[in-house]
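**Student:** Dropping a structure here in structure tokens format, bear with me for questions.
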Amino acid sequence: MDSFLLALPLVFQADVLAVMAMAAVFGLVVGSVPGLTATMATALLVPLTFFMDPVPAIAAMVTATAMAIFAGDIPGALLRVPGTPASAAYAAEAFAMTRKGLAERALGTSLVASAIGGLFGTTVLVLSAPQLAEVALNFTQFEYFWLACLGLSCAVFVSTASPVKGTVSLLIGLFLATVGIDITAGHPRYTFGIPDLLGGVAFIPAMIGMFAVAEILRNVVSSEPMQPPKMERILKVFSGLSGVFRTYWRGLMRGSVLGTAIGILPGAGGDIAAWVSYALSKRLSKEPQKFGTGHVEGIVDAGAANNAALSGAFVPALVFGIPGDSITAIVIGVLYIKGMNPGPTVFLENPQLIYGVFITFFIANLALIPFGFAAIALARHILRIPRSIVWPVVLLFAMVGAYAIDNSLFGIVIMLVIGILAYFMEENGFPVAPAILGLVLGSMLEGNFMTAMIKADGNLLAFFERPIAAVLGVITLALWATPLILMAVRRARQRPGVDSG
Amino acid sequence: MRFNDAILGLVLIGFALVAADISRGFPSMPGQEYGSSLFPRILCVGFAICGGILVWSGIRNRATQPLLDRDPWAYTLGGPFTLLLVLAGMLFYILASETLGFIPTAFLMVAVIMIRLRGRWLSSVVISAAVTMVVHYIFYSLLLVPLPWGVLEPLVF
């Protein structure tokens with residue numbers, strides 16, 4: 001409680017609130033322009049937050065992403081083009097509602113569901129994180145090693161259809177993290193005599209390359225999408241909503257719980273939460289035949305789920321320092337750079353910082369209602385910004401951002417190289433999220449691994465001697481074995497079929 | 001540009017071999033058989049295994065997966081030109097911004113790309129100039145990032 005009171009003045013300062021308001025506007029604009037994702041909003045914001053204290057820095061990123069995830073619903077409902085991947089699950093449904101003349105209902109529902117889902121996820125975060133941190137204080141290198149392995153493995157298996165390509169992406173991230181002065185022996189690795197690489201591949205430029213440059217390269221070659229049609233002014237967003245939520249309150253709870261749970265799982269974020277809860281809503285609905293025809297029920301579930309997932313993803317990130325998705329990976333990376341190593345010790349040493357972050361989560365989700373309403377009212381104008389203007393501007397922001405971290409052109413070089421790499425990876429079906437997780441966690445994973453190896457004197461069995469480490473280790477190994485077992489089972493099933501046919 | 005998995009797999013295996021070879025120069029820890037090279041080598045083994053699986057799947061799916069599959073835009077002249085122009089713009093900025101200064105370099109880069117994407121000269125030039133000044137204001141004046149002045153040194157504000 002004391003730390004909560006100490007945290008209040010950290011947040012309720014004019015400049016922190018002003019930063020949050022600006023981040024909110026930024027997140028809403030980025031989220032509602034199709035092609036600019038919530039992750040990109042975070043990536044472009046990082047160079048600015050780099051110059052702030054930890055609490056306003058995280059507050060800005062949390063606010064911008066919460067706004068961007070909701071704002072993705074606006075073009076989804078009005079143009080059938082989801083603004084962010086997290087809105088893709090129900091963009092068709094929301095657009096069908098718009099064609100029935102129910103655009104207000106669709107957007108109002110997703111706005112309020114987003115805020116409630118976000119508040120629910122935040123409550124879970126606030127209640128569970130300090131308890132988990134107590135447990136985590138007893139962890140040694142062995143537990144952290146397995147925890148990082150488990151998180152990274154989940155990211156690989158969840159984020160992509162091809163576990164092999166997901167693994168390659170993860171390995172690329174981990175390999176990039178080995179570049180620079182090595183932590184155990186102090187020997188430069190893979191620097192090729194370039195002094196700028198001694199400190200490693202700078203995280204922020206690499207991340208901007210992955211999420212902004214790759215996206216720019218992909219988009220400038222595609223032809224400009226058709227101009228949005230003339231849109232009516234949308235103002236009566238909140239009318240009739242109480243009826244919607246009275247009818248579908250179960251879906252709202254279901255989406256919030258499911259979204260938070262999926263967010264906590266490493267590797268899965270808002271987009272997967274939205275898909276899963278939309279599908280579940282349809283399966284459990286009394287009127288599944290209405291889904292897809294402009295029915296509000298699925299939007300309640302999925303709209304709550306993607307914002308809940310955003311808060312849920314911060315549980316493993318803040319407690320263990322192990323991010324669950326790209327957005328938390330970026331936030332964790334920034335905290336490392338600021339010298340505030342996320343993990344259970346922060347809860348002991350600087351609890352007011354953690355509580356400050358919690359408070360900003362609540363403010364961000366509450367502010368979603370007025371800011372989101374303004375964005376809906378202005379949607380006609382935001383959606384008319386031509387993307388041929390947006391991309392060069394994003395490019396300039398990305399380049400100056402990459403430069404600003406060290407005031408060095410080498411940051412832009414890293415951004416360019418990683419951006420081209422990420423472009424080729426995505427073109428060829430390699431997801432980039434595991435790579436960014438690998439880059440953030442690489443040195444922590446290697447550090448824990450090497451320390452554990454020294455402690456155990458090279459005896460690999462020591463990795464299983466402590467109970468929690470053993471459980472985490474067995475789960476991780478089982479996860480690695482699953483695709484092999486599935487492959488074997490598929491083979492065994494195919495064979496009799498081939499023989500008889 | 002999508003390559004057949006077998007080609008990607010071969011690239012990965014080649015990369016693993018080179019990286020593992022370089023890692024032989026890393027020192028081991030005193031009194032231990034392993035050291036700085038252990039972790040990179042584990043990653044190299046991972047790259048090689050994944051590469052092998054990709055080669056295998058690429059050969060198996062060779063009927064449906066061409067060696068190189070290009071998007072429709074790649075067959076036009078304009079698409080690759082735009083892509084090269086964006087990359088060239090970034091290279092131009094990296095090479096020229098220190099001597100020419102941020103404002104002229106950034107303006108040229110944004111304006112050329114915007115004109116290419118929109119096809120309208122006057123408004124693109126005006127928008128690019130405004131964007132350059134806004135970005136300069138945010139980063140130079142507010143965040144105190146020392147963006148280079150270059151040829152505009154006499155006008156420093």
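The values are calculated or read from the model by the stated rules, or taken from the named source; none is laboratory data. Predicted model only: the values in this text are computed from it and were never measured. Cβ coordinates were reconstructed from backbone atoms using ideal geometry, including for glycine residues, and neighbour counts include every protein chain displayed. Protein only, heavy atoms only, side chains kept; ligands, DNA and RNA dropped before computing areas. Shrake-Rupley method; radii C 1.70, N 1.55, O 1.52, S 1.80 Å.
**Student:** What is the Cα centroid distance between the stretch B:34-53 and the stretch A:299-361, reported in whole angstrom?
**Tutor:** If you average the Cα positions of each part, the centres end up 31 Å apart.
**Student:** Net charge within 14 Å of A:Ile272 by Cβ-Cβ distance, Lys/Arg positive one each and Asp/Glu negative one each, not counting A:Ile272 itself?
**Tutor:** -3
**Student:** Any idea of the accessible area per residue across the stretch A:372-501, 1.4 Å probe, to the nearest Å²?
**Tutor:** 45 Å²
**Student:** Another question about this same structure. I'd like the interface area for chains B and A: accessible area of each alone minus the complex, both sides summed, 1.4 Å probe, protein heavy atoms only. What is it in Å² to the nearest 100?
**Tutor:** In total, this chain pair buries about 5300 Å².
**Student:** Please report, in cubic angstrom per residue, the volume enclosed by the convex hull of the alpha-carbon atoms of the stretch B:42-102.
**Tutor:** Hull volume over Cα atoms, normalised by residue count, gives 132 Å³.
**Student:** Counting only helical runs of four or more DSSP H residues, what would the 222 nm mean residue ellipticity of chain B come to if each run contributes -39,500 (n - 2.57) and the total is spread over all its residues?
**Tutor:** -21500 deg cm²/dmol
**Student:** May I ask you to compute the full-extension gain from A:Ser128 to A:Ser3, defined as 0.36 nm times their residue separation minus their alpha-carbon distance, rounded to one decimal in nm?
**Tutor:** Here the segment from A:Ser128 to A:Ser3 would lengthen by 43.4 nm.
**Student:** May I ask for the net charge around A:Gly356, where only other residues with Cβ less than 15 Å from the Cβ of A:Gly356 are counted and Lys, Arg are +1 while Asp, Glu are -1?
**Tutor:** Overall, the nearby charge balance is -3.
**Student:** Hey, if we sort A:Arg380, A:Arg80 by accessible area with the 1.4 Å probe, largest down, what's the order?
**Tutor:** Sorted by accessible area, descending: A:Arg80, A:Arg380.
**Student:** Between B:Val145 and residues 5 or more places away or on another chain, which pairs have amide H atoms under 5 Å apart, with H built 1.01 Å from N, and which residues are they?
**Tutor:** Answer set, sorted by chain and number: B:Tyr140.
**Student:** While we're looking at this one, here's another question. Using a 1.4 Å probe and ignoring any ligands, DNA or RNA, find the accessible area of B:Met133 and quote it in Å² to the nearest 10.
**Tutor:** Answer for B:Met133: close to 80 Å² accessible.
**Student:** Would you kindly derive the ³J(HN,Hα) couplings of the stretch A:189-196 from the backbone phi angles with the Karplus curve 6.51 cos²θ - 1.76 cosθ + 1.60 (θ = phi - 60°), listing them in order in whole Hz, with x for Gly and Pro?
**Tutor:** 3J(HN,Hα) across the stretch A:189-196, in whole Hz: 10, 6, 9, 6, x, 8, x, 5.
**Student:** Stokes-Einstein diffusion coefficient for the stretch A:310-385 at 25 °C in a medium of 0.890 mPa s, Rh from the Kirkwood formula over Cα pairs: what value in µm²/s?
**Tutor:** 173 µm²/s
**Student:** Still on this model: Give the ranking of A:Phe371, A:Phe320, B:Phe39 by solvent-accessible surface, highest area first, calculated with a 1.4 Å probe.
**Tutor:** A:Phe371, A:Phe320, B:Phe39
**Student:** Let me ask something else. Please name the residues of the stretch A:362-409 whose accessible area, counted over protein heavy atoms with a 1.4 angstrom probe, falls by no less than 50 Å² between the chain alone and the full protein assembly.
**Tutor:** Relative to the lone chain, where solvent access is computed with a 1.4 Å probe, the stretch A:362-409 loses at least 50 Å² at A:Ser388, A:Ile389, A:Pro392, A:Leu395, A:Leu396, A:Phe397, A:Met399, A:Val400, A:Tyr403, A:Leu409.
**Student:** Using the Cα centre as the reference, give the magnitude of the dipole from point charges on the C-beta atoms of the protein assembly as shown (Lys, Arg: +1; Asp, Glu: -1; all else neutral), rounded to the nearest 20 debye.
**Tutor:** Around 2240 debye, computed over the protein assembly as shown.
**Student:** Any chance you could count the Lys pairs in chain A whose alpha carbons are under 23 Å apart, treating pairs 8 or more apart or on different chains as valid?
**Tutor:** The number of close lysine pairs in chain A is 6.
**Student:** What is the helix-to-structure angle for A:54-71, meaning the angle in degrees between its Cα long axis and the longest Cα principal axis of chain A, kept from 0 to 90 and rounded to the nearest 10?
**Tutor:** With rounding to tens, the tilt is 50 degrees.
**Student:** Any idea of B:Arg118's accessible area? Nearest 10 Å², probe 1.4 Å.
**Tutor:** Probe radius 1.4 Å; accessible area of B:Arg118 about 50 Å².
**Student:** A:Val334: accessible area at probe 1.4 Å, nearest 10 Å²?
**Tutor:** 0 Å²
**Student:** Give the calculated FRET efficiency between A:Leu486 and B:Leu87 to the nearest 0.05, with a Förster radius of 45 Å applied to their Cβ-Cβ distance.
**Tutor:** E between A:Leu486 and B:Leu87, to the nearest 0.05, is 0.65.
**Student:** Quick one: Cα centre-to-centre distance for the stretch A:54-78 and the stretch A:132-194, in angstrom?
**Tutor:** 28 Å
**Student:** Ok, one more. Sort A:Met399, A:Met487 from largest to smallest accessible area, using a 1.4 Å probe on the heavy atoms of the protein chains.
**Tutor:** From most accessible down to least: A:Met487, A:Met399.
**Student:** Could I get the Rg over Rh figure for the protein assembly as shown? Both from C-alpha atoms, Rh via Kirkwood, rounded to two places.
**Tutor:** Taking Rh as the inverse mean 1/r over Cα pairs, Rg/Rh reads 0.96.
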